[in-house]
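Here the structure is laid out as structure tokens; the discussion comes afterwards.
Coordinate-derived values only; no laboratory data. Only a predicted model underlies this, so the values are computations on that prediction, with no experimental measurement involved. Here the Cβ is made from the backbone with ideal geometry for all residues, glycine too, and neighbour counts use every protein chain on show.
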Amino acid sequence: MEPSVAREALARDAPLLDPALTECLPEADPRAGALVDAMRHSLKGGKRLRGVIVMRSAATFGLDPRTVLPSACAFEMLHAATLVHDDLPCIDDSDLRRGRPSCHVAFDEHTALLAADALIIAAFENLARQDHDCVSARVLRMVEEFARLTGAAGLIGGEQADIIGEDLPPDPDLVRYIHENKTAKLICAACRTGAILAGAPERQLETISDYGMTLGLLFQITDDILDVVGDQELLGKPTGADAQAGKQTYPAAVGLEGARLEARRLACRAVAIAAELPAEVDFWQSLAELVVSRER
């Protein structure tokens, strides 16, 4: 499947998220300084991949994707917050993000930290707003899963393991744990959210969950590869940072060629899983091809 199908879907759906994200932010109050400006800065740019996945997942199971815009925005807010935290001097100390100055560079360290915290809280506010348009029991389940998959047993746990791993020799098992938690579980949660809100049967929910974890691992492995061979201008962030920091990555653990082989294996597996979905099959298969061939 050509990546053009997914590229067209992203180009169609992503612009729906930008105005929705703007509407989600509170009014700026001068007594809170540049807090809201920093939140707005952190949300600019990016592919809107996770938000679009929420929308396409809803469509896959028969729900109008516009209905799940609040949840799609929540994923973009949470993701943006994690990037702000990643870039802080106490973690990855990166001055560039999405081709623009990182939040702590554009503002200052304490404003960036608080802006990221505020984005996480705003994400949960948006998930709660989903109750206006969807069955309450489905919304409740989705919020619980969002918290679990992004908390200490998910994304945040993966972030902590990523930091600890900088002082350890390359370990394929540790790399997989970090990638599953730091990246794949958020993408899996996006797949599950649209499906849960649409009332997908449990068997099909398992299928799209499997797809989400596979795509998430694929996304992070390609990220690892691009940090070695990618173009900084296209990526909008520094390259070579993983090796410099001693990060646990697939190229470090199994070599660049081994990482490329694993990425291709995961892409093929994602394409095969997508064939079992009830609709939007072309999109999901194309998305796997887009991720494995991406240059940014």
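Exactly one of these conditions fails for Leu140: (1) without any contact (Cβ under 8 Å) to a residue 24 or more places away in the chain; (2) part of a loop (DSSP other than H, G, I, E, B). Give me its number. Every listed condition holds for Leu140 apart from (2). Being of a type outside the set (Lys, Arg) and crowded, with 24+ Cβ neighbours inside 10 Å holds for only one residue in Ala161, Ala116, Ala153, and it is Ala116.
All conditions in (1) surrounded by fewer than 21 Cβ atoms within 10 Å (Cβ to Cβ); (2) closer than 25 Å to Gly258 by Cα hold for Arg141, with the sole exception of (2). So for segment 176-193 (the condition being farther than 18 Å from Gly154 by Cα, surrounded by 24 or more Cβ atoms within 10 Å (Cβ to Cβ) and touching a helix residue (DSSP H, G or I) at 6+ places or on another chain (Cβ under 6 Å)), does at least one residue qualify? No: zero hits. Just one of the listed residues (Gly258, Gly216) is assigned to a helix (DSSP H, G or I) and within 30 Å of Leu197 (Cβ to Cβ), namely Gly216.
Of all residues being of a type in the set (A, V, I, L, M, F, W, C) and within 10 Å of Leu287 (Cα to Cα) in segment 1-17, which is nearest to the chain's Cα centre (by Cα)? Just the residue, please. Among those residues, the one meeting the criterion is Leu10. The residues of segment 51-101 that are crowded, with 24+ Cβ neighbours inside 10 Å, touching a Leu at 6+ places or on another chain (Cβ under 8 Å) and either polar (S, T, N, Q) or without any contact (Cβ under 8 Å) to a residue 24 or more places away in the chain (or both), listed by number, are Thr60, Ser71.
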